[in-house]
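The values are calculated or read from the model by the stated rules, or taken from the named source; none is laboratory data. Since this is a predicted model, take the numbers as computed values, not measurements. Reconstructed Cβ throughout: ideal geometry from the backbone, glycine too, with neighbour counts over all protein chains shown.
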Amino acid sequence: MRDNCRSHAGTCMRRSLTLLFAAAALLLSAPAAFAGAESFTVIQKGVTESFTETACVSAADVTITYNSAFHVTVLDNGTYHLTGSSAGTITAVAGDVTYTGHFTQQVGENGNLMNYEETVTFTLHLTGTDGSRITFTEVFHFMITPTGLEISFDKPVCH
């Protein structure tokens, strides 16, 4: 079960953070010739995605619908701060059982010319048509120190 959660963690992170990394790449590639701070917010509503997942249950066909908001601030010295959250509903069909429920995800990221850190939390609650319940939680953290040392942890848990 733990290996499946780890598999889910990577898939979940890639899927949920695609927009986040695209926004950060745009910001970091822009010239820092502006004075003060530049900020922008990206809001998405009613986004629907479908995929196959294997965490916590056997292979399941999953459909999620969510709203998200990401806010980025970039200073002229190269420092930036990003926060974001997503929340939505989920339906997963695994064999004869259909699971329905909701999820939330929060993202925080900070960087400058010397340091970088990112933290992501994810929570999922599902109820199956057979009465079963699934809760999946994950905390992921990654940082790079001024000396280049990379430190990270990923704590996925299926209940």
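Annotations for the structure displayed:
- Matching residues, segment 84-99, being surrounded by 15 or more Cβ atoms within 10 Å (Cβ to Cβ) and not aromatic (Phe, Trp, Tyr): GLY84, SER85, SER86, GLY88, ILE90, THR91, ALA92, VAL93, ALA94, VAL97, THR98
- Residue within segment 88-95 that is more than 20 Å from THR48 (Cβ to Cβ) and part of a strand (DSSP E or B) present: no
- Residue among THR63, THR11 that alone is modelled with pLDDT of 90 or more, polar (S, T, N, Q) and surrounded by 13 or more Cβ atoms within 10 Å (Cβ to Cβ): THR63
- Positions within segment 76-91 being out of contact with any Gly (no Cβ under 6 Å at 6 or more places or on another chain) and either modelled with pLDDT of 95 or more or among the hydroxyl-bearing types (Ser, Thr, Tyr) (or both), in sequence order: THR79, HIS81, LEU82, GLY84, SER85, SER86, ALA87, GLY88, THR89, THR91
- If the condition is being closer than 19 Å to THR54 by Cα, over 15 Å from the mean Cα position of the chain (by Cα) and in a strand (DSSP E or B), then segment 128-159 contributes GLY128, ARG133, ILE134, THR135, VAL157, CYS158.
- Residue in segment 32-50 that is surrounded by fewer than 19 Cβ atoms within 10 Å (Cβ to Cβ), on the phi < 0 side of the Ramachandran plot, hydroxyl-bearing (Ser, Thr, Tyr) and at pLDDT below 50 present: no
- One residue stands out among those in segment 51-60 that are within 19 Å of VAL157 (Cα to Cα) and hydrophobic (A, V, I, L, M, F, W, C): the one that is surrounded by the fewest Cβ atoms within 10 Å (Cβ to Cβ), which is ALA59.
- Of the candidates ASN67, ASN110, the single residue that is under 14 Å from the mean Cα position of the chain (by Cα), free of Cβ contacts under 8 Å to residues at least 60 places away in the same chain and part of a strand (DSSP E or B) is ASN67.
- Filtered residues of segment 82-99 (kept if free of Cβ contacts under 8 Å to residues at least 60 places away in the same chain and closer than 16 Å to THR137 by Cα): SER85, ALA87, GLY88, THR89, ILE90
- Per-region count, segment 66-83, residues within 16 Å of HIS102 (Cα to Cα) and surrounded by 14 or more Cβ atoms within 10 Å (Cβ to Cβ): 2
- Residues (surrounded by 16 or more Cβ atoms within 10 Å (Cβ to Cβ) and closer than 19 Å to TYR66 by Cα) located in segment 106-133: VAL107, VAL120, THR121, PHE122, LEU124, HIS125, LEU126
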